[in-house]
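This report refers to the structure that appears directly beneath it.
The values are calculated or read from the model by the stated rules, or taken from the named source; none is laboratory data. From a predicted model like this one, the values you see are computed outputs, not experimental measurements. Ideal geometry is used to build each Cβ from the backbone, glycine not excepted, and the neighbour counts take in all protein chains shown. Areas reflect the complete protein model, heavy atoms only, side chains present, ligands, DNA and RNA absent. Shrake-Rupley method; radii C 1.70, N 1.55, O 1.52, S 1.80 Å.
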Amino acid sequence: MQLEAVRAIYHRNLAELVDEAHAIHRANFRATEIQASSLLSIKTGGCPENCAYCPQSAHYETGVERTRLMQEEEVIEAAEKAKEMGATRFCMGAAWRNVRNGPEFDHVLNLVRTVKSLDLEVCCTLGMLTQEQAERLKEAGLYAYNHNIDSSRSFYEKIIQTRTYDDRLQTISNVRAAGLTVCTGGIIGMGETDEDRIAFIQQLASFDPQPESVTVNALVPFEGTPLSERKQVAAVDLVRVIATLRLTNPHSMIRLSAGRLELSDEGQFLCFFAGANSIFLGDKLLTSPNPSDSADHALLQRLGYDLKAPVHAAVTV
Ligand code: SAM
Ligand code: DTB
Ligand code: SF4
């Protein structure tokens, strides 16, 4: 899809845009259903990258404590809790620049095997990786890999200098080549312009095949990071991005990720109406707070949404 085509969609009257996005959403998904995932930071902080938004970067004093790679028992406990909350996918994140072969990666491969044995879709976000490493994750039972492009190519350079946009694209291509499903997206509210958002959406639309899952984060400004003073992104701006994505990536799941705590119920509802159909459940994302699972269950119930059941539960005997 050309930039011009995305631009034309993005700038439409918001009611018309959301109306059409909702129709496409209904045509391609069960629009009364929300899929839930759960996140666990298996290795927090001390990351050598300088992503300007990130509390886990070693370049900034944010008060986030560095941890070692988590032991299996703790991960099992979190995965079981995730399942109880109604999550169908469990995503393990590590504050690594890239995956290195060795005992730590072997441990992660074991974690993937274990979580898969609990009948959860397993996702990892571990930074850059090679195709061979992606293949080893796939063999261990990984379902999806998350690796964000974050923004437009030109805005990216303003927020991260320790790696390039092409590095990100390369990892995504390695993930795809290994036969894993791709989860990628970015952050809204970092000071990017409408043109940056349009170019970001165009990149997400241009992957062939398109990502199975697109993650949309509203920036959570962290004390100590260069983006600490950024204003909360307006819900209507988030809705515009989501509705445009629904039209450009009609079959991708759209995951409304960081920043939900700051959104009103109405703001979240509009995001769902515009095409978002996935959230993270649980009171913590990686390091930042998230609505409690009871608050989310109550909201979804009030709005009349069902949580998507695990795929195998749909099989009747
Ligand atoms: N280190 C790995 C990487 O960068 O791919 C995985 C973990 S990293 C924390 C995952 C994603 O979280 C980032 O790509 C970014 O889009 C998102 N993220 C990090 N800090 C955020 C913040 N303050 N607000 C919103 N999203 C954030
Ligand atoms: C994504 O796009 N959002 C999630 C997931 N991928 C790994 C992470 C959001 C992190 C928000 C900041 C934090 O909790 O540290
Ligand atoms: Fe490291 Fe990922 Fe945070 Fe960047 S976003 S500093 S790569 S943990």
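Which of the following residues is in contact with a Cys (Cβ under 9 Å, 6 or more places away or on another chain), within 24 Å of Tyr165 (Cβ to Cβ) and of a type outside the set (Asp, Glu): Ala134, Ala95?
Residue meeting the stated conditions: Ala95.
Test of understanding: among Asp119, Asp166, which residue is modelled with pLDDT under 95 and out of contact with any Pro (no Cβ under 6 Å at 6 or more places or on another chain)?
Within the list Asp119, Asp166, the selection yields Asp119.
Considering only segment 280-303, state which residues are of a type in the set (D, E, K, R) and touching a strand residue (DSSP E or B) at 6+ places or on another chain (Cβ under 8 Å).
Asp283, Lys284, Asp296
For segment 130-152, what are the residues that are closer than 14 Å to Thr184 by Cβ and open to solvent by 10 Å² or more (accessible area, probe 1.4 Å)?
Across segment 130-152, the qualifying residues are Asn146, Asn148.
Just need a number here: residues in segment 213-239 that are more than 13 Å from ligand 1 (Cβ to nearest atom), touching a helix residue (DSSP H, G or I) at 6+ places or on another chain (Cβ under 6 Å) and open to solvent by 20 Å² or more (accessible area, probe 1.4 Å).
Final tally of qualifying residues: 1.
For residues that are open to solvent by less than 20 Å² (accessible area, probe 1.4 Å), out of contact with any helix residue (DSSP H, G or I) (no Cβ under 8 Å at 6 or more places or on another chain) and not in a strand (DSSP E or B), tally how many sit in segment 172-188.
1
Answer with yes or no whether Pro55 is open to solvent by 30 Å² or more (accessible area, probe 1.4 Å), touching a residue at least 60 places away in the same chain (Cβ under 8 Å) and closer than 26 Å to Glu192 by Cα.
Taking the combined requirement at face value, the residue does not satisfy it.
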